[in-house]
Amino acid sequence: MPVSAISEIPQRRTSDRVARIAAVGDIHCGEEDRGAFRDQLTRVNDDAEVLVLCGDLTRRGLPAEFRTVVGELADVKTPIAVVLGNHDHESGQASEGEAILRDRGIHVLSGDPFHLNEHVGFVGTKGFMGGFGRAALTSFGEAETKAFVNATLEEVQRLEMGLRRLATPVRIAVLHYAPIAGTIVGEPEVIYPFLGCDRLAEPLDRYDATVVFHGHAHTGAFEGRTAGGVPVYNVSLPVLRKIGLSTLYYVHEVELQSAGRALGKALERR
């Protein structure tokens, strides 16, 4: 959907043939933000079938901040799926943060697929850095360089394995870091390698992802596509504000396919 086509989101549920996914990243919620997002997030109950949070839920990844996030989501009745971001790992307490989210019933995506229903499935992981195209960092030289690249490759493998296990016709990928350079355009080029890595795009194309959502690039572009044509949306909250959305999140519509077509595609991939 081009930016020019974005309009006010109608307050209605979707038809049986369309799924509506609300997505936002980088809300950077601190303890002092209690009540700042609650009313806006509650609107998702009328706007979409699922809410996706693309990382950097918190400022420093403190358990108290994760509890604040849960408080802001208290009135959300739709299913919620999240990936963590770099800020959520800052304090070294990401595991405790994940437990707080899961206790609320939130689906924390870390490679394992989440099936919303027979039509729509999600897979997600944080992703990592590394760069794009010929400028991507390679696993050569010092052990530290190899460890850095290996961290990215582990995230790529986690995404790939999750996509392989999804048999739904609508296959939604959720990341924090960008899988393409197209959605970080607008950021200073010198920091491109720290905003994502296009190694993440290869499994998206190979396993027929329907759409991808990510955050992290606060001054990047709203939309782009992988080399294979998969639409990618940067739903970082500053980007959504830049394009003029009146809601806290972007709502993306996808047409539902039949389960039979999904099974056929899954068998082809095998």
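With θ taken as phi - 60° and the coefficients 6.51, -1.76 and 1.60, list the Karplus ³J(HN,Hα) couplings across the range 22-34 in order, rounded to whole Hz; mark glycine and proline as x.
8, 9, 7, x, 6, 7, 6, 7, x, 4, 6, 8, 4
Could you give the radius of gyration (one decimal) and Dmax (whole number) of the Cα atoms in the range 148-246, in Å?
13.2, 40
Over all directions, what mean area does the Cα convex hull of the range 148-205 project, stated in square nanometres? Please list the in-between numbers first.
On the way: hull surface 17.5 nm².
Here the figure is 4.4 nm², rounded to one decimal.
Modelled label-to-label distance, Arg165 and Ser139, 7 Å Cα→beta-carbon offset: nm?
Spacing of the two 7 Å Cα→Cβ label points: 2.2 nm.
Explain nothing, just compute: Karplus ³J(HN,Hα) = 6.51 cos²θ - 1.76 cosθ + 1.60, θ = phi - 60°, for every residue of the range 67-79 in order, whole Hz, x for Gly and Pro.
My calculation for the range 67-79 gives 5, 5, 4, 4, x, 5, 9, 4, 9, 7, 9, 6, x Hz in order.
Sorted by packing (mean other beta-carbon atoms within 10 Å per residue), highest first, where do 29-37, 126-134, 233-241 land?
Answer by packing, highest mean first, reads 233-241, 126-134, 29-37.
Over the Cα atoms of the range 19-109, each weighted equally, I'd like the Debye log10 I(q)/I(0) at q = 0.17, 0.20 Å⁻¹, rounded to two decimals.
-0.61, -0.86
Below 8 Å, C-alpha to C-alpha, sequence gap of six or more: please give me the relative contact order for the range 116-270 in percent.
Details: 308 pairs, mean separation 39.5, N = 155.
In percent, rounded to a whole number, it is 26.
Calculate the spin-label point distance for Ala99 paired with Asp112, positioning each point 7 Å from the Cα along the beta-carbon direction, and give it in nanometres.
Using points 7 Å along Cα→Cβ, the separation is 1.5 nm.
Could you derive backbone 3J(HN,Hα) for the range 103-112 from the dihedral phi with the Karplus parameters 6.51, -1.76 and 1.60 (θ = phi - 60°), listing whole Hz in sequence and x where the residue is Gly or Pro?
With the stated coefficients, the range 103-112 comes to 4, 7, x, 7, 7, 8, 8, 9, x, 6 Hz.
On each of the three principal axes of the Cα atoms of the chain, give max minus min coordinate, whole Å, ordered largest first.
The principal-axis extents, from largest down, are 54, 49, 37 Å.
For the range 101-143, what class follows from the C-alpha gyration tensor (a ≥ b ≥ c being the square roots of its eigenvalues): rounded when a/c is under 1.5, otherwise prolate if a/b is larger than b/c, else oblate? Don't skip to the end; give the middle numbers.
Numbers: a/c = 4.17, a/b = 2.31, b/c = 1.80.
Taking the square roots of the gyration eigenvalues as a ≥ b ≥ c, the range 101-143 is prolate.
May I ask you to list the aspartates and glutamates whose Cα is less than 14 Å away from that of Lys77, ignoring any residue fewer than eight positions away on the same chain?
Asp39, Asp46, Asp47, Glu49
What nm distance separates the two modelled labels at Asp205 and Ala147, each placed 7 Å from Cα along Cα→Cβ?
Roughly 3.2 nm, to one decimal.
Which three semi-axes in whole Å describe the equivalent ellipsoid of the range 82-191, each the square root of 5 times a Cα gyration tensor eigenvalue, listed largest first?
On the way: eigenvalues 137, 66, 40 Å².
Gyration-tensor ellipsoid for the range 82-191: 26, 18, 14 Å.
With a 1.4 Å probe and every protein chain kept in, tell me what percent of the accessible surface of the chain is carbon plus sulfur. Numbers along the way, then the final one.
Working: 6020 of 11850 Å².
Within the chain, the accessible surface is 51 percent carbon and sulfur.
The values are calculated or read from the model by the stated rules, or taken from the named source; none is laboratory data. Just so it is clear, the model here is predicted, and its values are computed rather than measured. All Cβ positions, glycine included, derive from the backbone under ideal geometry; neighbour counts span all protein chains shown. Calculation scope for accessible area: heavy atoms of the full protein, side chains included, ligands and nucleic acids excluded. Shrake-Rupley method; radii C 1.70, N 1.55, O 1.52, S 1.80 Å.
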